[in-house]
Amino acid sequence: MSDWKREVDYATYCPKCKSFKVLETDEPCNECMTECAREGTAKPVKFEEAKVKIK
């Protein structure tokens, strides 16, 4: 894998995402889960940080 392609770090970002409670097969999670590597970042495609900490 080249330096410019990074593996998406789901373990770090998904628990912080506003869509964390959404099933992996539903939008927007299914789009994120199909992208295993991104150019220059380990952040998932549709990641949006939750305003309130999700428990």
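Readers should treat all values here as calculations from the given coordinates under stated rules, not as data from a laboratory. A quick note: this is a predicted structure, and the numbers were derived from the prediction, not measured.
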So how many Lys-Lys pairs in the chain land under 15 Å Cα to Cα, not counting same-chain pairs under 8 apart?
15
What do you get for Rg/Rh over the chain if you use C-alpha atoms and the Kirkwood form of Rh?
0.99
